1. Just one of (1) modelled with pLDDT of 95 or more; (2) on the phi < 0 side of the Ramachandran plot; (3) of a type outside the set (Phe, Trp, Tyr) trips up residue 306, so point out which.
2. Tell me, yes or no, whether the range 541-551 has at least one residue that is within 21 Å of residue 170 (Cα to Cα), modelled with pLDDT under 95 and either in a loop (DSSP other than H, G, I, E, B) or open to solvent by less than 20 Å² (accessible area, probe 1.4 Å) (or both).
3. Out of the range 246-261, which residues are among the small types (Gly, Ala, Ser) and crowded, with 18+ Cβ neighbours inside 10 Å?
4. Only one residue in 367, 443 is under 22 Å from residue 453 (Cα atoms), β-branched (Val, Ile, Thr) and modelled with pLDDT of 95 or more. Which one?
5. Evaluate the range 78-90: report whether one residue or more is modelled with pLDDT of 85 or more, within 22 Å of residue 150 (Cβ to Cβ), under 23 Å from the mean Cα position of the chain (by Cα) and open to solvent by 50 Å² or more (accessible area, probe 1.4 Å).
6. Scanning for something open to solvent by 20 Å² or more (accessible area, probe 1.4 Å), without any contact (Cβ under 8 Å) to a residue 24 or more places away in the chain, touching a strand residue (DSSP E or B) at 6+ places or on another chain (Cβ under 8 Å) and farther than 16 Å from residue 404 by Cα, does the range 284-294 turn up at least one residue?
7. Applying the selection to the range 559-582, what residues are out of contact with any Lys or Arg (no Cβ under 9 Å at 6 or more places or on another chain), of a type outside the set (Lys, Arg), surrounded by 16 or more Cβ atoms within 10 Å (Cβ to Cβ) and under 23 Å from residue 455 (Cα atoms)?
8. Which residues, taken from the range 295-323, are assigned to a loop (DSSP other than H, G, I, E, B) and over 26 Å from residue 385 (Cα atoms)?
Amino acid sequence: MEKTLSSSFFQNSSPPLLLFQFSTQSVKINVNSNRFTHKRPIKTRIFSSIGTTVQTSTEPKITGRRKQSLLTDFFKSLDDFVCKFIDPPLRPTIDPKYVLAGNFAPVDELPPTACEVEEGALPPCLDGAYIRNGPNPQFTPRGPHHLFDGDGMLHAIKISNGKAIFCSRFVKTYKYTAERDIGFPVVINYFSAYTSLLSTVARYTVAFGRVISGEYDVCRGTGNANTSVSHFGGKLFAHSESDLPYTIKLRSDGDIITLRRHEEYGEPLESMTAHPKVDCETGEAFAFRHNIQRPYLTYFRINSEGIKQPEVKIFSKKQASLVHDFAITKNYAIFPDSQLVIRPAEIINGNQPALVDPTKVPKLGIIPRYAEDEKEMWWVEVPGYNCMHAANAWEEDGGDTIVMVATNLLSVEHFTDRPELVHSSMERLEINVKAKTVARRPISTRCLDFGVINQAYLGKKTRYIYAAVVFEGPKMTGVVKLDLSLPTAESGDCTVASRFYGPGCYGGEPCFVPREPDNPTAEEDDGYIVNYVFNENTQESKFIVMNAKSPTLEIVAIVKLPQRVPYGFHGMFVRECDLQKL
């Protein structure tokens, strides 16, 4: 049975009223400090909600030094009191016993380690690195914890001349390093902290005390950089939309280094989308941030040199909502305004500020790609359409029609409490620019998310989309290839190829790598699909390479990884020539 929690992978904005958003923790258990201090590998059995177990063997590398002080211990005691005596019983979606079970359990950092190519051979076009981001809590949760709350960890496989090296490293955000040095979490978990009015007031009181005492500087960031990876302006970034991006670097030996928080893209308390769009022809990146106060949406462009251009503040958006992704074409940017709204006042009622408003009519906002202000922006109602991820968009009919392919969350009212009941439908939308109307239809009957394309076609007419078949959360049972040139009026499905990983095997977002990236005459689907796949029966993770042109997405290479890779979010492939320029 296919089911979904539409993906992650939106976090939230970083407005002044939510300064202490996101905290993370880990399943590395130590009775005294919530952290492993063992010098020998130990094994931990973690039971999942469906009765399976995962066995991990880890040898943590302890870095940093705990800042001992009476005030620090006092704040920790208050946190413990809230979790033990004030929080109500935890729902499964925020109970660490369920959230961090099985392959959702975190792993320790792994330095660059050689891998075995156990089947086939790695194609020459894969010289470079595939990097995948995802949540990996640094500390054991003492209270409520949501999947999206984990610290960002990058899992990179670097390939050269058919040989592979694998590495896993935390993104060393300010939040991560501050909490590492203090010895436990100090930042409020946005997705799980609001269990009741009393617990919320208590948590914010403690957080305020930490800021006033100087224990934590919110102006240096509160995000966990756990959502995605991007490459533009000669830099490589790790993202979450709760903060500004962090610049990272992959060394020649395969190790991953966090350089700094990239503050050129916003003010100290601002954030940036985890889904910037990069035009391969111009080298420009397009991005936005959303907020809980006006303007609720801000759009901006970053030129090919990586320099941010003047912002376009969008005041025509009437209320705060979770805008996770958007799309661009040659002349436009398209923003969804869904029923997933943000209402800080709900905290007073003991509720999360992010909720579903069933009375709201979703909209799409269209603005010129190079707009200097919002005067040419217009909104069109699209009843029943709640977009999560946009695969691509382009223009047809001489610019009179905008086509967008993106997911739609059906039964969205269950999104916050019963995500397993939400179906993620891949749809084709046709926006009539003159009449300002929208026609839409599904292009597959399956539950799909994480649609990706050949990135050379971003903003251009696309024939092929590769999408993950959703089972549960970011657990994906396989990948399908969709041919958008096929009519779907009768069948409702334009799937032309598929590959399923097998019983107990789950992957994540697929990634397309072109076979001849410098050949302008190469066919759109001439390349490979890569992914990490975890086998819950053998407890092993593997890197698989599939032929994107094959009707069965034939596997051409399998690499056995030295450590399991927890289920995660978004990733990308970076060519060796680009890695050398970082």
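The values are calculated or read from the model by the stated rules, or taken from the named source; none is laboratory data. Computed from a predicted structure; not experimentally measured. Methodologically, a virtual Cβ is constructed for each residue, glycine included, from the backbone with ideal geometry; neighbour enumeration extends over all protein chains shown. Only protein heavy atoms, including side chains, enter the accessible area calculation; ligands, DNA and RNA are left aside. Shrake-Rupley method; radii C 1.70, N 1.55, O 1.52, S 1.80 Å.
1. The failed condition is (2).
2. no
3. Matches in the range 246-261: 254 only.
4. 443
5. Checked against the condition, which is being modelled with pLDDT of 85 or more, within 22 Å of residue 150 (Cβ to Cβ), under 23 Å from the mean Cα position of the chain (by Cα) and open to solvent by 50 Å² or more (accessible area, probe 1.4 Å), the range 78-90 yields no hits at all.
6. Within the range 284-294, not a single residue is open to solvent by 20 Å² or more (accessible area, probe 1.4 Å), without any contact (Cβ under 8 Å) to a residue 24 or more places away in the chain, touching a strand residue (DSSP E or B) at 6+ places or on another chain (Cβ under 8 Å) and farther than 16 Å from residue 404 by Cα.
7. 573, 574
8. Listed by number, the residues that qualify are 303, 304, 305, 306, 307, 309, 310, 311.
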